Amino acid sequence: MTSPLLPTYARADISFERGEGPWLFGRDGERYLDFGAGIAVNALGHAHPHLVKALTDQAAKLWHTSNLFQIPEGERLAQRLVENTFADVAFFSNSGAEANEAAIKMARKYHAAKGHPERFRIITFEGAFHGRTLATIAAGGQAKYLEGFGPKVEGFDQVPFGDVEALKAAIGPETAALMIEPIQGEGGVRPVPGAFMRTLRELADTHGLLLIFDEIQTGVGRTGKLFAHEWTGVTPDIMSVAKGIGGGFPMGVCLATAEAAQGMTLGTHGTTFGGNPLAMAVGNAVLDVILAPGFLERVERMGLLLKQRLAELMDRHPGVISEVRGQGLLMGLRTHVPNTEFIAAARRNKLILIGAGDNVTRLLPPLIITEGDVAEAMERLDATCAAIEAGQPAVAQQGAAK
């Protein structure tokens, strides 16, 4: 059957009818352990009762009014985010790409407001992923996303990941900001070393640049801190957030210091749906859970347990797994076989995983997983590795990443 949907996704031949916690229930009657969480979106799992109640209660009252009017739940959510981060102000959007667009515009407008409109260029890093709009694919700089969409949006300069000298050489009189993910998720689960993060802050301060952190995938508890940059002690001027902040409801936010946001005055930016009452109710419900005493500490413990178990898995299957990467509940496995093959084999064992660059498979479980869920995932990963070894002995014997 030909689908009326635009064929831009390579969809697996499976659909789900409901979810509960870390589990998905397929229309084929099978139960799947979800260690993808909708690509780090369903931070509290499926059908979390507190989120369901917040959404349905709000849905029975008011869905949308537009930003022509006050939205009290949005004021409350912004205040809570400000109180728990470096930021002074928040701008709500519907997605991560929109949050990044706001961050890019804010950085440019900051310099324009200070009398330097020529400072509009933003330095980004190879392997980055910042979204699918024309500006954010230019920021990411990956050829596969840029091809066929005309001239690349001007104003982005890419340097090799972690290369301090290349970064210094790229800073010029037109540079406005530096933009980076604390851990490159789509780029292969590559954490940015703390020393490099500190260098970014120092260079930004020295040259009068703004520092932008893209925490769309790494934020909202994913690494055991509310935001991943907290592990390094380095704070940005602007930060984009999405995915987990809505717990499955479409939502993004751009957070900033008052200094960085000074150019964003009345009428300079806007959105029809961003900050709508439904999203704000869910966002507040997510923070109720994430900010509850002990929650983030528990995520950190589960992350350490998962990393330990994955290291043991690699020891048992060195012909399949070549490297374990990541932090908290954002983990990656680099494999000798193509990651697409590994993910398909895991799915046959009723385990949902997510692909990434550099032949890495991501494990992005809901933050509410238990030790039992980790043990269950390991059993299924063991079976997956064993099946690959049985089916491809030549690969298993090589023992070296291609």
Output the residues belonging to segment 24-53 that are in a strand (DSSP E or B) and surrounded by fewer than 19 Cβ atoms within 10 Å (Cβ to Cβ). PHE25, GLY26, ARG31
Can you tell me which residues in segment 304-337 are free of Cβ contacts under 8 Å to residues at least 24 places away in the same chain and of a type in the set (Gly, Ala, Ser)? ALA311
So, ALA99, is that one under 19 Å from VAL241 (Cα atoms), in contact with a Cys (Cβ under 7 Å, 6 or more places away or on another chain) and surrounded by 20 or more Cβ atoms within 10 Å (Cβ to Cβ) or not? yes
Identify, please: which residue in segment 320-342 is out of contact with any strand residue (DSSP E or B) (no Cβ under 6 Å at 6 or more places or on another chain) and assigned to a helix (DSSP H, G or I) and is, among those, most open to solvent (accessible area, probe 1.4 Å)? THR340
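Criterion first (at positive phi, surrounded by fewer than 17 Cβ atoms within 10 Å (Cβ to Cβ) and in a loop (DSSP other than H, G, I, E, B)) does GLY131 satisfy it? Reasoning before the result, please.
On the way: at positive phi: yes; surrounded by fewer than 17 Cβ atoms within 10 Å (Cβ to Cβ): no; in a loop (DSSP other than H, G, I, E, B): yes.
Judged against the criteria, GLY131 is not a match.
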Here is a check on your reading of the model: is LYS350 crowded, with 18+ Cβ neighbours inside 10 Å and in contact (Cβ under 8 Å) with a residue 24 or more places away in the chain? no
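Each row is one residue, and each column tells you yes or no for (1) outside any helix (DSSP H, G or I); (2) touching a helix residue (DSSP H, G or I) at 6+ places or on another chain (Cβ under 6 Å); (3) of a type outside the set (D, E, K, R).
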{"position": "THR235", "(1), (2), (3)": "yes, no, yes"}
{"position": "CYS254", "(1), (2), (3)": "yes, yes, yes"}
{"position": "THR272", "(1), (2), (3)": "yes, no, yes"}
{"position": "ASN284", "(1), (2), (3)": "no, yes, yes"}
{"position": "PRO293", "(1), (2), (3)": "yes, no, yes"}
{"position": "GLU297", "(1), (2), (3)": "no, no, no"}
{"position": "ARG301", "(1), (2), (3)": "no, no, no"}
{"position": "PRO318", "(1), (2), (3)": "yes, no, yes"}
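I need the full set of residues from segment 1-23 which are in a loop (DSSP other than H, G, I, E, B) and surrounded by 15 or more Cβ atoms within 10 Å (Cβ to Cβ), in order please.
Just the residues of segment 1-23 that are in a loop (DSSP other than H, G, I, E, B), to begin with: 1-15, 22.
If the condition is that a residue be in a loop (DSSP other than H, G, I, E, B) and surrounded by 15 or more Cβ atoms within 10 Å (Cβ to Cβ), then PRO22 is the only one that fits.
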Search result, residues across segment 286-295 that are open to solvent by 30 Å² or more (accessible area, probe 1.4 Å) and either in contact with a strand residue (DSSP E or B) (Cβ under 6 Å, 6 or more places away or on another chain) or touching a residue at least 12 places away in the same chain (Cβ under 8 Å) (or both): ASP288, LEU291
Could you tell me which numbered condition ALA112 fails, if it satisfies all but one of (1) under 18 Å from CYS254 (Cα atoms); (2) surrounded by fewer than 21 Cβ atoms within 10 Å (Cβ to Cβ); (3) touching a residue at least 60 places away in the same chain (Cβ under 8 Å)? (1)
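The values are calculated or read from the model by the stated rules, or taken from the named source; none is laboratory data. Note that the structure is predicted; figures quoted are calculated from it, not measured. Positions of Cβ are backbone-derived with ideal geometry, glycine not excepted, and every protein chain shown enters the neighbour counts. Remember, those area values only see protein heavy atoms, side chains included, never the ligands or the DNA or RNA. Shrake-Rupley method; radii C 1.70, N 1.55, O 1.52, S 1.80 Å.
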